[in-house]
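Below is one structure, written out as structure tokens; comments come after it.
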Amino acid sequence: MRREWQKARRIVVKIGSALLVDNGAGVLRSAWLDALCDDIAALRKSGKEVILVSSGAIALGRNVLGLPKGPLKLEDSQASAAVGQIHLAHAYESAFRARGLAAAQVLVTLGDTEERRRYLNARSTISTLLKLGAVPVVNENDTVATNEIRYGDNDRLAARVASMMSADCLVLLSDVDGLYTAPPGSTPDARRLEEVADITAEIEAMAGDVGSELSRGGMVTKIEAAKIAVAAGTNMVIASGKVLNPLSVLASTGVCTWFLAHSDPVTARKRWIGGTLEPRGAFVDAGAAAALASGKSLLPAGVTRVDGAFERGDAVAIRSAEGAEIGRGLVAYSHTDAAAIIGRKSGEIADILGYLGRPELIHRDDMSLRKKGS
Ligand code: GLU
């Protein structure tokens with residue numbers, strides 16, 4: 001078993017429509033789904049957290065509604081998703097319940113991972129579900145997504161979810177078992193790559209279009225997903241889901257392609273917060289430096305001043321009383337709400353603001369501290 005798989009604590013598994021839905025009959029492949037849920041229950045038992053990103057809503061729903069084969073108009077795919085998603089939810093709920101696990105449906109739209117205010121919400125909801133022992137089952141909310149505002153394919157959606165959740169492994173299960181040097185169907189000497197350390201132009205050129213009829217994503221979107229994943233410190237695997245128990249088969253045979261990240265998710269996230277984002281404001285706290293350095297979150301109590309105008313989810317700097325930057329982080333409150341609660345105990349927040357917000361202004365997981373001397 002590969003070290004990256006063995007070490008992975010939080011795994012996102014993306015399931016393509018062609019695996020879940022029988023192409024000819026348009027019905028759910030329940031035996032396959034049951035076997036997959038056995039794999040997930042086993043992973044959970046071994047202490048790993050699993051988040052599913054499941055396609056299949058449109059493929060299932062169009063059959064129930066009796067729509068003809070071929071490309072669908074936007075309204076018809078939205079209607080199909082509404083019908084199919086309820087079938088999917090039912091199937092996951094009963095398969096996981098039979099294994100003593102709770103399934104949790106999470107439908108996201110593009111803004112949930114791209115807009116930082118909503119990103120913090122989605123991240124904390126999925127974290128809470130994992131903490132409570134549920135298996136989040138994520139899909140795009142295709143019923144309200146329009147062609148302009150959508151992820152469009154679940155490969156990239158899964159990569160965004162993996163990056164948002166700081167997962168250390170993303171597995172794309174579909175009808176292809178890896179990245180080949182040339183299209184395997186038409187090129188006899190095409191060879192599957194075991195691992196990709198860097199996504200070079202040569203690697204991108206190998207991604208001919210090997211998509212199947214049911215799924216939107218071909219190899220091109222898988223490479224796009226790999227770029228998102230590895231930039232976030234997540235290793236990505238392309239593996240075949242055509243077999244029963246695809247995750248245990250993956251663990252035992254290792255037939256797949258690994259895209260290797262150069263850092264771990266926590267380091268990548270801290271780098272993103274500390275380096276890429278422009279702070280929209282600052283908190284001044286004379287005593288914060290030592291507490292933050294020992295791994296604490298920034299609480300309202302010690303903050304003496306709020307500078308700038310920012311919304312929840314924006315990057316905000318943390319400064320000492322002398323003005324030196326101690327670190328940066330994603331803030332849990334807008335500048336007006338933050339100004340109202342600084343200097344106060346976290347327990348008073350609900351009384352002051354009229355709603356129960358987070359106890360911290362910036363949670364330590366959302367914070368990147370300046371190294372000494374930099
Ligand atoms: N979200 C779509 C569905 O559930 C699938 C998108 C894809 O196949 O990548 O039907």
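Filtered by the rule that a residue be under 18 Å from C169 (Cα atoms), part of a loop (DSSP other than H, G, I, E, B) and within 13 Å of the ligand (Cβ to nearest atom), the range 14-73 gives a lone residue, G16.
The residues of the range 132-154 that are out of contact with any strand residue (DSSP E or B) (no Cβ under 6 Å at 6 or more places or on another chain), within 15 Å of the ligand (Cβ to nearest atom) and either within 22 Å of F96 (Cα to Cα) or free of Cβ contacts under 8 Å to residues at least 24 places away in the same chain (or both) amount to a single one, E140.
Considering only the range 206-217, I want to know if a residue exists there that is over 20 Å from V255 (Cα atoms), modelled with pLDDT of 90 or more, surrounded by 14 or more Cβ atoms within 10 Å (Cβ to Cβ) and within 16 Å of the ligand (Cβ to nearest atom). No, that holds for no residue. A single entry from L173, L157, L129 fulfils the requirement of being part of a strand (DSSP E or B) and either over 23 Å from I223 (Cα atoms) or in contact with a strand residue (DSSP E or B) (Cβ under 9 Å, 6 or more places away or on another chain) (or both): L173. Is the range 89-103 home to any residue that is within 11 Å of the ligand (Cβ to nearest atom) and at pLDDT 95 or above? Among the residues of the range 89-103, not one is within 11 Å of the ligand (Cβ to nearest atom) and at pLDDT 95 or above, which makes the answer no. Assessment of the range 355-373 against the conditions (assigned to a helix (DSSP H, G or I), touching a residue at least 12 places away in the same chain (Cβ under 8 Å), of a type in the set (D, E, K, R) and farther than 18 Å from I273 by Cβ) yields no matching residue.
Consider the range 160-170 and keep the residues that are in a helix (DSSP H, G or I), surrounded by 23 or more Cβ atoms within 10 Å (Cβ to Cβ) and not β-branched (V, I, T). The one that is farthest from the ligand (Cβ to nearest atom) is S163. Assigned to a helix (DSSP H, G or I), more than 20 Å from R117 (Cα to Cα) and not hydroxyl-bearing (S, T, Y): is that true of A301 in this structure? Answer is no for this residue. Only a single item in (1) out of contact with any Gly (no Cβ under 9 Å at 6 or more places or on another chain); (2) not in a strand (DSSP E or B) is not met by V106, and it is number (2).
Against the condition acidic (D, E), at pLDDT 95 or above, surrounded by fewer than 19 Cβ atoms within 10 Å (Cβ to Cβ) and within 22 Å of D142 (Cα to Cα), how does D76 come out, does it pass? Considered against the rule, which asks whether it is acidic (D, E), at pLDDT 95 or above, surrounded by fewer than 19 Cβ atoms within 10 Å (Cβ to Cβ) and within 22 Å of D142 (Cα to Cα), D76 comes out as yes. Against the numbered list (1) of a type in the set (D, E); (2) modelled with pLDDT of 95 or more; (3) out of contact with any Lys or Arg (no Cβ under 6 Å at 6 or more places or on another chain), E49 comes up short only at (3). Pick from V230, V220, V266, V237: which is outside any loop (DSSP other than H, G, I, E, B), touching a His at 6+ places or on another chain (Cβ under 8 Å) and either among the hydrophobic types (A, V, I, L, M, F, W, C) or buried (at least 19 other Cβ atoms within 10 Å of the Cβ) (or both)? Testing whether each residue is outside any loop (DSSP other than H, G, I, E, B), touching a His at 6+ places or on another chain (Cβ under 8 Å) and either among the hydrophobic types (A, V, I, L, M, F, W, C) or buried (at least 19 other Cβ atoms within 10 Å of the Cβ) (or both) leaves just V230. From the list S94, S77, the lone residue that is touching a residue at least 40 places away in the same chain (Cβ under 8 Å) and either assigned to a strand (DSSP E or B) or farther than 19 Å from V161 by Cα (or both) is S77. How many of the residues in the range 111-141 are closer than 17 Å to K14 by Cβ and at pLDDT below 90? Summing the residues that are closer than 17 Å to K14 by Cβ and at pLDDT below 90 in the range 111-141 gives 2. Of the residues making up the range 305-323, those that are out of contact with any Gly (no Cβ under 7 Å at 6 or more places or on another chain) and not in a strand (DSSP E or B) number 8. Residues in the range 324-362 that are closer than 20 Å to A291 by Cα, under 30 Å from the mean Cα position of the chain (by Cα), surrounded by 16 or more Cβ atoms within 10 Å (Cβ to Cβ) and not acidic (D, E): 12 in all.
The values are calculated or read from the model by the stated rules, or taken from the named source; none is laboratory data. Since the model is a prediction, treat every value here as computed from it, not as a measurement. We place every Cβ from the backbone using ideal geometry, glycine too, and count neighbours over all the protein chains shown.
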